[in-house]
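Each remark here refers to the structure printed beneath this line.
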Amino acid sequence: MAEIRNATGAWDELIDAEGTPRPAATELVAMLRALGDHELVARQDAADLAILTAGITFTVYSDGRGIDRAWPFDVVPRVIDANEWRRTDRGLTQRLRALNLFIDDLYNDQNVVRDGVFPADLLSGSVNFRPQCLGVRPAFGVWAHICGSDLVRDADGTMYVLEDNLRVPSGVSYMLENRHVAKRAFADLFERQSILPVDDYPEALGRLLRSIAPNGPDSDPTVVLLTPGIYNSAYFEHSFLAREIGIDLVEGRDLVVDDDDRMLMRTVAGLRPVDVVYRRIDDLFLDPEVFLPDSTLGVPGLMRAWRAGTVAIANAPGAGVADDKVVYAWVPDLIRYYLGEEPLLANVPTYRCYYPDERDHVLDHLDELVTKPANESGGYGILIGPRATAAELVERRHAIEADPRNWIAQPVVELSTAPTLCSGRLEPRHVDLRPFILSGESSYVTKGGLTRVALRAGSLVVNSSQGGGSKDTWIVDLDDPIPYWSNG
Amino acid sequence: MLLSRVAENLYWAARYLERAEDTARIVREHTNLIVDLPTRVAVTWEPLLAIIGSRHAFDSRFTTADERSIIRWLVAERDNAGSILCSIESARENLRSSREVMPSDVWQGVNDLYLFVAAHHGDGIARSSRSRFLERVIGDVLAVNGTLTSTMSRDEAFEFLRIGRNLERADMATRVLDVRAGSLMAAVAPEYEDVQWLSVLRSLSGQQMFRRTVRGPVSGESVLQFLLHDRDFPRSVRFTLEQVRRGLRALPRAAHAAETCERAVELLEQVPVTLTGTDLHHWVDELQLTIATVHGAMAETYFVSHTPVR
């Protein structure tokens with residue numbers, strides 16, 4: 001008999017405060033309790049072994065050397081009700097429509113600036129705005145074809161978007177692999193209830209990539225995935241996706257752009273044209289002719305070919321302009337501006353120090369808020385008010401007063417928890433969720449996404465490079481129960 | 001259309017896997033031979049170094065060429081790029097960057113073997129656990145080759161694997177012939193001659209097929225005939241070159257490599273099987289050099305990306 005406990009002050013994804021299973025998690029919780037810790041550990045061990053043998057890895061860096069580590073997976077799934085997911089799906093779709101309209105606008109007419117919705121000086125101060133992309137019109141007006149948005153759930157159960165990753169979001173391969181492993185561990189539960197399948201992602205991605213080919217999807221386009229190479233932390237994923245979609249995995253040195261601005265790849269039969277590049281390299285490394293001149297990862301001339309329209313690139317260069325923290329704060333306004341709709345998914349309330357009234361509020365509540373610099377990523381410069389020293393708060397106040405437009409602030413979000421196997425027993429651990437959204441002529445949202453879990457007690461850090469793990473995410477459709485007799 | 005870089009990775013992955021398997025076979029057979037023969041028969045461990053061709057590097061690392069040092073060097077030595085440990089590791093690294101072109105079971109098999117070898121390579125050294133270790137290596141590589149044969153489309157990627165595997169196989173076969181057969185030919189009436197010839201066959205996994213094909217007494221002449229010229233045995237030099245030829249026929253721009261392969265076949269046909277030790281050494285040397293030119297042509301045509309922009 002496994003005991004499932006709650007953490008104080010946090011929403012648990014599987015049980016409520018009294019320990020009663022949430023409706024969509026009823027079957028799972030009953031099974032966890034029936035199996036007991038010992039059997040759960042056995043299933044965890046079997047899962048770990050499967051991951052090791054299948055070579056499901058991620059790369060971490062230590063002493064300047066990349067080390068291939070087995071992917072950390074917690075066998076206990078995280079469950080979301082399909083009805084809630086349908087609403088989330090609509091909210092994410094809406095969000096990406098607005099973000100893509102915004103990016104396309106910024107690189108073309110800039111109506112959003114002219115209409116006073118987005119401040120011009122924020123645009124000129126953005127580190128991810130690429131003037132080299134001005135005037136380009138990609139197919140369907142879509143720049144961010146693949147987005148990974150991070151969702152968190154607060155103590156009251158509300159789901160918030162924490163951030164959008166519009167450059168080279170990763171993790172989807174682990175979502176797919178987690179499902180394979182979880183199916184083995186809980187085969188009986190998959191038979192007994194309707195857990196929405198996630199396996200159609202590679203097919204959807206392949207279709208999207210072919211759809212943006214310069215000569216159309218019916219031209220039998222050559223699609224490639226551009227990776228920085230084997231030492232990149234997400235190399236496993238690059239290889240996985242190339243394999244699943246059936247496209248070539250290329251490195252910069254495999255590609256050339258000729259004098260007619262055509263992109264070609266070096267094959268055993270000689271040079272062959274490339275139509276679509278799914279790039280997993282950051283903007284600045286993409287093309288040494290235009291960006292960092294000493295980048296060896298990219299392809300000289302890539303931007304020439306893209307601007308000439310002979311090759312499509314996903315995500316488009318410059319798409320990252322819409323995923324910094326300043327823009328995040330404007331997303332609700334952008335949804336209203338471009339779509340004339342109210343946002344279906346909540347942003348974490350965000351105060352923009354750019355505006356004097358919001359700045360005053362932030363300065364009055366520094367000790368309660370999380371303050372973040374707008375143009376840093378990876379958690380740099382974040383100050384959590386309730387945990388900060390008096391000196392840190394004073395220093396932060398001066399920093400905000402000196403350069404207000406570079407700062408935003410948010411209330412502390414207490415991430416939800418999910419029961420997680422730690423040292424042989426189930427413990428509540430904080431989780432987030434990264435669904436993936438595909439945008440082209442139409443859009444697609446994964447059924448769930450990658451649930452990341454902070455394995456240390458109380459920790460909110462879910463990154464796999466910093467001791468985070470992952471879980472399979474089950475979207476359970478209670479309206480579509482599988483009859484018991486189908487079990488055989 | 002297969003990327004040049006991936007073609008090179010596949011070619012080397014196949015060579016490394018084959019090298020690991022062949023080394024395992026040769027070490028296993030040599031261990032059996034030494035255990036079999038009476039101690040007064042002067043068979044040493046040193047021919048192993050001569051076959052694998054790393055004597056110089058070995059000497060700079062070890063002071064005595066005893067069983068333990070030699071086996072460690074060939075099986076589990078990190079400083080020896082041709083050791084079983086390093087070969088499996090290199091095969092895996094090469095496949096890691098070309099996983100998308102092959103069935104996932106192939107990668108899984110190689111990764112599994114890598115994990116085994118990384119954890120247990122010490123077992124390959126002690127006599128008590130040596131054969132079990134070597135047999136796992138041989139068995140796993142055979143399983144990988146079997147998976148390739150039964151699940152992979154005969155596309156360009158497959159042909160690069162085929163060519164890599166067979167060039168390595170040809171190379172190893174000629175090395176075994178050079179060292180083992182050479183020394184047997186050179187000796188006047190060597191003791192236990194039959195046992196030793198059978199051991200040469202077993203080093204290349206050929207004893208049983210030799211018996212079925214030749215049906216006569218084992219002799220230097222019949223063994224050489226079989227291992228060099230037999231058309232049906234998959235580890236004869238003739239057969240491996242035929243496989244390379246077949247692989248090249250399926251590749252674009254293969255004229256140069258095919259021409260070098262034809263030269264190797266022509267040369268092979270001229271190798272007489274009634275030879276004294278020095279003559280054999282001379283012929284086999286020549287053959288090895290010619291086989292090496294096939295590799296050179298492959299590298300020149302497909303691997304070094306000098307393709308000019310049109």
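Every number in this text was worked out from the coordinates using simple rules, so none of it is lab data. Source: prediction; values computed, not measured. With ideal geometry, Cβ positions are generated from the backbone for all residues, glycine too; neighbour counts draw on all protein chains shown.
What are the equivalent ellipsoid semi-axes of region B:1-120, built from the alpha-carbon gyration tensor (square roots of five times its eigenvalues), in whole angstrom, biggest first?
Largest first, region B:1-120 gives 32, 15, 12 Å.
Can you tell me how chain B classifies by the Cα gyration tensor, rounded, prolate or oblate, using a/c under 1.5 as the rounded cut?
In terms of gyration-tensor shape, oblate.
Report the paramagnetic label zone for A:ASP48: residues of region A:418-446 whose backbone N is under 15 Å from a point 7 Å from Cα along the Cα-to-Cβ axis.
A:421-426
Starting at 0 and stepping by 10 Å, how many percent of the alpha carbon pairs of region A:1-126 end up in each bin?
So the P(r) values, bin by bin, are 10, 21, 20, 23, 18, 8, 0.
Expressed in whole Å with the largest first, what are the equivalent ellipsoid semi-axes of region A:170-240 derived from the C-alpha gyration tensor as the square root of 5 times each eigenvalue?
30, 19, 7
For n ≥ 4 DSSP H runs only, could you compute -39500 (n - 2.57) per run for chain A, divide by its residues and tell me the 222 nm figure to the nearest 500?
Per the formula, -9500 deg cm²/dmol.
Let me know the mean shielding of A:304-313 by other chains, meaning the per-residue number of their Cβ atoms within 10 Å of its Cβ.
That works out to 0 on average.
Cα convex hull of region B:1-43: mean projected area in nm², to one decimal?
Directional mean of the projected Cα hull area for region B:1-43 stands at 3.6 nm².
Using the Kirkwood radius over C-alpha pairs as Rh, can you work out the diffusion coefficient of region A:333-465 via Stokes-Einstein at 10 °C, viscosity 1.306 mPa s, in µm² per second?
The Stokes-Einstein estimate is 91 µm²/s.
Sorted by average packing, counted as other Cβ atoms within 10 angstrom per residue and highest first, what order do A:310-321, B:23-34, B:190-201 take?
Packing proxy ranking, top to bottom: A:310-321, B:23-34, B:190-201.
As a check on your grasp of the helix formula, calculate [θ] at 222 nm for chain B: sum -39500 (n - 2.57) over DSSP H runs of n ≥ 4, divide by the residue count, round to the nearest 500.
-22000 deg cm²/dmol
Could you give me the ³J(HN,Hα) list for region A:302-313, computed from phi with Karplus coefficients 6.51, -1.76, 1.60 and θ = phi - 60°, whole Hz, x at Gly and Pro?
Karplus values, whole Hz, x for Gly and Pro: 4, 5, 4, 5, 5, 5, 6, x, 8, 9, 9, 10.
Write down the percent of antiparallel bridges among all DSSP beta bridges whose residues are both part of the protein assembly as shown, to the nearest 5.
The antiparallel proportion sits near 75 percent.
If you average the C-alpha positions of region A:249-271 and of region A:213-240 separately, how far apart do those two centres end up, in angstrom?
The two parts, judged by their Cα centres, are 13 Å apart.
Which values, in whole Å and largest first, are the semi-axes of the equivalent ellipsoid of region B:124-178 obtained as the square root of 5 times each eigenvalue of the Cα gyration tensor? Display every interim value, and only then the final one.
On the way: eigenvalues 141, 64, 8 Å².
Equivalent ellipsoid semi-axes, largest first: 27, 18, 6 Å.
Quick one: Cα centre-to-centre distance for region B:71-136 and region B:172-226, in angstrom?
Going from one Cα centre to the other spans 28 Å.
Please report the Cα spread of region B:88-148 along all three principal axes, rounded to whole Å, starting with the longest.
Dimensions of region B:88-148 along the principal axes of its Cα atoms: 39, 20, 12 Å.
For chain A: lysine pairs with Cα atoms under 26 Å, gap of 8 or more or different chains, count?
Here the count comes out as 4.
For the protein assembly as shown, what is the convex hull (Cα atoms) projected area averaged across all directions, in square nanometres?
Spelled out: convex hull of the Cα atoms, projected over all directions, averaged, 40.6 nm².
Explain nothing, just the number: relative contact order of region B:49-116, from Cα pairs under 8 Å at least 6 residues apart, as a whole percent.
19 percent
To the nearest Å, what is the center-to-center distance of region A:326-349 and region A:293-307, using C-alpha atoms only?
34 Å
Tell me, what is a quarter of the convex hull surface for the C-alpha atoms of region A:222-287, in nm² with one decimal?
Its Cα hull, projected and averaged over all orientations, spans 4.7 nm².
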